[in-house]
Amino acid sequence: MKTIIVATDFSDNSKNAINYAGSLAACSQAKIILFNAFQLTVHASNSLITPKGVDKLVELNAKKLKKIALETTEKYGVSVEITTKSSIVTEALEELVTQSKADLVVLGMHSNDWIDKVLGNTATALIRKAKYPILIVPENATFENINKIIFAHDPNVLLMPDNLCLIKDLAENFKAEVEILHVDTKKSRLLEEKLSVKKVNTIVEVALSEVDHYYKGIEEEHVAVGIDKEIGESHANLLVMVPHKCNSWRSFLNTSNTRTMALRTHIPLLILPSYILPGCN
């Protein structure tokens, strides 16, 4: 990895994500871009805030980011840049990732508040839309040497081979073991008939051929429950998932295993983008 973007809203969860990213950048010799985007409140919009007023808000945010950047550089010895703008977070992040050619976007995630389960938050919105790798850092997660990675592999998700290189890079950098986990449910057994499991496994095998890895299958009625159990038993310190991607608004109504894990995981969750799943148009 060469460039890591850390999105912050200046909350305690964001501070924790910055600390995690700082440790990760130091180990990977990567630079950090601290990013903040904000949308004007309804009250501010109704009051017809002037362009100068918006510029003032951007300036205040930039001062906050500069302070955090200096602290992060001093603490972790890494290069830190800053950027802030008035924009929709998801749109601004996509633009920044493209411009900076970032390898990873890091976000903080707070505890499982009921409103997040019902409506979601910035992190879960990005899961549905992002075309770049995202690392979700739970509020109580602290960086430790990454020696065990669980890749929760769904054979029905069409993988992008280039994105699996990030797993390879992390495993090589930290000399980590990779467990390729498949949680078998009645639903998944039916879906496997529609796609070539052999082809997907070949993609995984080629991408991870140079790192220590093995396959494991477990049976569990709910995928998230199975993953949780395996994390506890294996003492993994990084979870990797690839979500289904659909073109339709119907995807929002379906329960996403990746979204569920983002809201409940106690270890960092690396989310890699996938191809759009056939039949979701």
Quiz prompt | Note, ³J(HN,Hα) from phi for region 146-162, Karplus 6.51, -1.76, 1.60, rounded to Hz, x at Gly and Pro | solution = 7, 10, 9, 10, 9, 9, 6, 9, 9, x, 8, 9, 7, 7, 9, x, 4
Quiz item: For the residues C27, C165, what sequence is obtained by ranking on other C-beta atoms within 10 Å, fewest first?
Solution: C165, C27
Exercise. Find how much the distance from L70 to K101 grows on full extension, using 0.36 nm per residue of separation minus their present alpha carbon separation; answer in nm with one decimal.
Key: 8.9 nm
Self-check item: Full-stretch length increase - Q29, T90 - with 0.36 nm per residue and alpha-carbon distance subtracted
Solution: 19.3 nm
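Using packing as a proxy for protection, rank 230-240, 84-94, 208-218 so that the peptide with the highest average count of other Cβ atoms within 10 Å comes first.
Working: 230-240: 18.3, 84-94: 16.7, 208-218: 13.5.
Highest mean packing first, the order is 230-240, 84-94, 208-218.
Values quoted throughout were computed directly from the atomic coordinates according to the rules given, and no laboratory measurement underlies them. Owing to the predicted nature of the structure, the values given are computational and were not obtained by experimental measurement. Don't worry about glycine lacking a Cβ; one is built from the backbone with ideal geometry, like all the others, and counts go over all protein chains shown.
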